[in-house]
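Let me begin by presenting the structure, written as structure tokens, before commenting on it.
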Amino acid sequence: MDRKPFLERWLEQGLFSSRWLMAPFYVGLAGTLLVLLYAFVLEIVHKLQKWTWSQVTPDDAILLTLSLIDLSLAANLVLIVIFSGYENFVSKLDVGDHEDRPEWMGTVDFSTLKQKLIASIVAISAIALLKAFLELSHVGAVLDQPRMMWLVIIHLTFVASGVLLGLMDYLTSRSSKH
């Protein structure tokens, strides 16, 4: 049996154990879910207080819905990062065969995580852009051309990034493994 020197074993064990330094990051991300929930509730309360129910337009309802979807997508993104990041880099989540365990848990590798992240960011960006366009339909709304231009540029940048990440993953998967 080939035994490694003590120092090498100690170093490797220390490096492997260092993965636990990531755990506080995931706990902190779980805390951001509370912040997103708070913002979600505030958005609803703020809009309900502001609205005169006889004057609520379909655009108002759509804008509120888009804001809530935006926050929900951000929260989903945080959960994906927490679950898959923890399982990929720290330790397997041992929740047994719980009926509520998402099917994708334990199957999201780093490449899939990148794709899910960029897809969520593109969706969030698209919602921000759509909200900006819908806000133009309000009486007295003024077109802020530089803001709209930057929203479009940023959105297209995210879309292009997603396509390029997908292409890189595709090319990597087709290349010979070393």
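Per-structure values
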| item | result |
| --- | --- |
| Number of the condition not met by residue 108 [criteria: (1) surrounded by 12 or more Cβ atoms within 10 Å (Cβ to Cβ); (2) in contact with a Lys or Arg (Cβ under 8 Å, 6 or more places away or on another chain); (3) assigned to a helix (DSSP H, G or I)] | (3) |
| Residue within the range 64-78 that is of a type in the set (A, V, I, L, M, F, W, C), at pLDDT 85 or above and within 28 Å of residue 16 (Cβ to Cβ) present | yes |
| The range 43-71, residues that are among the polar types (S, T, N, Q) and farther than 19 Å from residue 132 by Cβ | 49, 52, 54, 55 |
| Subset of the range 33-55 (residues that are surrounded by 12 or more Cβ atoms within 10 Å (Cβ to Cβ) and either aromatic (Phe, Trp, Tyr) or in contact (Cβ under 8 Å) with a residue 40 or more places away in the chain (or both)) | 33, 36, 40, 51 |
| Selection within the range 158-176 - closer than 27 Å to residue 119 by Cβ and either surrounded by fewer than 13 Cβ atoms within 10 Å (Cβ to Cβ) or of a type in the set (D, E, K, R) (or both) | 160, 163, 164, 167, 168, 169, 170, 171, 172, 173, 174, 175 |
| Within the range 134-158, tally of residues that are hydrophobic (A, V, I, L, M, F, W, C) and in contact with a helix residue (DSSP H, G or I) (Cβ under 8 Å, 6 or more places away or on another chain) | 7 |
| Test: residue in the range 132-146 that is closer than 20 Å to residue 59 by Cβ, among the charged types (D, E, K, R), at pLDDT below 85 and assigned to a helix (DSSP H, G or I) | yes |
| Any hit, the range 56-66, residues being in a helix (DSSP H, G or I), surrounded by 17 or more Cβ atoms within 10 Å (Cβ to Cβ), β-branched (Val, Ile, Thr) and in contact (Cβ under 8 Å) with a residue 12 or more places away in the chain | no |
| Selection from the range 140-151 of residues that are loosely packed, with under 14 Cβ neighbours inside 10 Å and either closer than 24 Å to residue 70 by Cα or in contact (Cβ under 8 Å) with a residue 40 or more places away in the chain (or both) | 141, 142, 143, 144, 145, 146, 147, 149, 150 |
| Top-ranked residue in the range 1-32 [being among the basic types (Lys, Arg) and in a helix (DSSP H, G or I); ranked as surrounded by the most Cβ atoms within 10 Å (Cβ to Cβ)] | 19 |
| Pair list, Cβ under 6 Å, 6 or more apart: the range 1-25 residue within 20 Å of residue 86 (Cβ to Cβ), other residue of a type outside the set (A, V, I, L, M) and at pLDDT below 90 | 19/89; 22/89 |
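The values are calculated or read from the model by the stated rules, or taken from the named source; none is laboratory data. Keep in mind that what you see is a predicted model, and the values were worked out from it rather than measured. No Cβ is skipped: glycine too gets one built from the backbone with ideal geometry, and neighbour counts run over all protein chains shown.
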